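Novice: Structure below; questions to follow.
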Amino acid sequence: MAVPEEDPAFPARPAPSQPPSPERCRVRRDSGGAGGYGNVRGAGAALEHDFSADIAASAAPRGRPGEFLAAVRAVRRVALSGCCHPVPSYPILSCPVPSRPALAMGSTPPVFIGAEEVEKHLHRASLLLPALEAALANFSAGAAGGVVQPVRTVLPVPRHGGYLGVMPAYSAADDALTTKLVTFYEHLKDSSVPSHQATVLLFDPSNGTLKAVLDGSVITAKRTAAVSAIATKLLMPAFAEVLCILGAGVQAYSHYDIFTELFTFKEVRIWNRTKERAVKFASCVSGPVRVCSSAQEAVTGADVIVTVTMATAPILFGDWVKPGAHINAVGASRPDWRELDDELMKNSVLFVDSREAALTESGDVILSGAEIFAELGEVLKGTKPALPEKTTVFKSLGMAVEDTVAAKFVYDAWSAGN
């Protein structure tokens with residue numbers, strides 16, 4: 001903007017002895033004024049001139065205040081009249097506010113590792129067994145184990161019958177920091193959408209930089225099945241021949257895969273509330289599976305039972321269960337949901353992944369009043385016995401540190417290949 005020509009009514013003043021640098025300053029054209037409403041030109045112009053006069057008054061040269069203030073009053077009169085006469089040749093200069101540098105998350109953006117890539121690097125859940133056994137033992141060791149993990153935060157979505165869970169954890173032994181975001185919905189109208197969906201965020205624990213975003217659904221399915229396999233190895237009867245799976249969702253497949261890889265069963269049975277899904281399961285897996293018409297038929301005589309349902313009321317009853325059988329109770333992850341009845345819960349030796357979580361989240365534990373015998377990590381540490389000769393229940397709620405070690409495993413494998 002050019003400086004306006006001199007008006008005889010407003011004689012020019014000498015330039016300041018040290019004028020602002022033209023490289024750092026510009027002529028102010030603040031059409032919005034202090035309120036930011038610059039769409040009305042007349043009001044905007046008046047605010048501009050008046051505001052500029054205030055700035056000029058605050059910068060008046062010492063020693064000649066009378067003459068300077070007279071010019072300021074003249075500027076105000078011009079502004080309030082709404083006319084567009086040129087103002088005195090004192091261009092009001094304003095320096096732009098220096099922009100702040102962008103706050104970067106790191107030198108490189110986080111990588112995204114999708115479901116196919118996760119499956120590629122974690123093609124067998126059994127790959128996680130050593131890391132998960134160590135993580136469970138470290139968790140049960142308390143502060144000395146170096147696992148920092150609060151109980152999962154769960155946000156209800158009542159309008160849609162769903163939940164959002166937030167699961168952060170840090171493992172000092174692995175120097176790994178993650179948060180998993182998981183949604184689970186009770187009754188989905190669209191059966192093509194999984195009941196559980198998850199994403200895992202992996203951070204650099206030394207500075208908080210987000211390193212990777214990983215699909216968490218594959219990780220959740222495989223680490224859950226792997227932990228159930230660890231419990232089964234410790235707690236199942238010596239000569240287990242019959243495996244029973246109640247439920248035919250994602251967890252049913254992941255449990256079948258690792259259980260048939262690690263253990264030798266003469267028979268595998270499945271039951272699902274919707275029989276068509278049980279039939280589909282039997283046709284998709286690699287070995288023979290007997291589809292049962294009722295849960296009782298599937299359970300009777302079974303040595304190892306896996307419940308992976310979205311049930312909110314008991315579907316497995318104590319008088320059906322063979323004495324000495326082992327049950328992995330994976331579903332019913334809310335304090336008012338049940339898979340197992342009171343008789344089974346009270347007449348079995350109860351193992352959990354986390355005491356605190358079980359007493360906060362598990363309806364099977366809370367509503368039955370069953371006493372927790374041990375955490376699985378305590379059995380792995382040798383501080384509590386396994387008692388495989390008794391009827392045992394492992395109540396699995398899933399822990400964030402399991403996601404942490406699984407996500408680190410996948411990320412390390414991905415990094416090695418890239």
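Novice: If you scan the stretch 337-367, which residues turn out to be charged (D, E, K, R) and over 23 Å from the mean Cα position of the chain (by Cα)?
Specialist: Across the stretch 337-367, the qualifying residues are R338, E339, D341, D342, E343, K346, D364.
Novice: What are the residues in the stretch 364-397 that are touching a residue at least 40 places away in the same chain (Cβ under 8 Å) and open to solvent by less than 10 Å² (accessible area, probe 1.4 Å), if any?
Specialist: Those that are touching a residue at least 40 places away in the same chain (Cβ under 8 Å) and open to solvent by less than 10 Å² (accessible area, probe 1.4 Å): L376, G377, T392, V393, F394, K395, S396.
Novice: May I pose another question? Looking at the stretch 174-243, what strands (runs of 3 or more DSSP E) fall wholly within it and have at least 1 residues that are among the hydrophobic types (A, V, I, L, M, F, W, C), open to solvent by 60 Å² or more (accessible area, probe 1.4 Å) and touching a strand residue (DSSP E or B) at 6+ places or on another chain (Cβ under 9 Å)?
Specialist: It comes to 176-185.
Quick grid of which residues meet (1) touching a Pro at 6+ places or on another chain (Cβ under 9 Å); (2) modelled with pLDDT of 95 or more:
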{"position": "L93", "(1), (2)": "yes, no"}
{"position": "P96", "(1), (2)": "no, no"}
{"position": "P109", "(1), (2)": "no, no"}
{"position": "G114", "(1), (2)": "no, yes"}
{"position": "A131", "(1), (2)": "no, yes"}
{"position": "A135", "(1), (2)": "no, yes"}
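The values are calculated or read from the model by the stated rules, or taken from the named source; none is laboratory data. Just so we're clear, the structure is a prediction, and the values are computed from it rather than from any experiment. Positions of Cβ are generated from backbone atoms using ideal geometry, with glycine treated the same way; all protein chains shown enter the neighbour counts. Ligands, DNA and RNA are stripped out before the accessible areas are found, and what is left, the full protein with its side chains, is counted by its heavy atoms. Shrake-Rupley method; radii C 1.70, N 1.55, O 1.52, S 1.80 Å.
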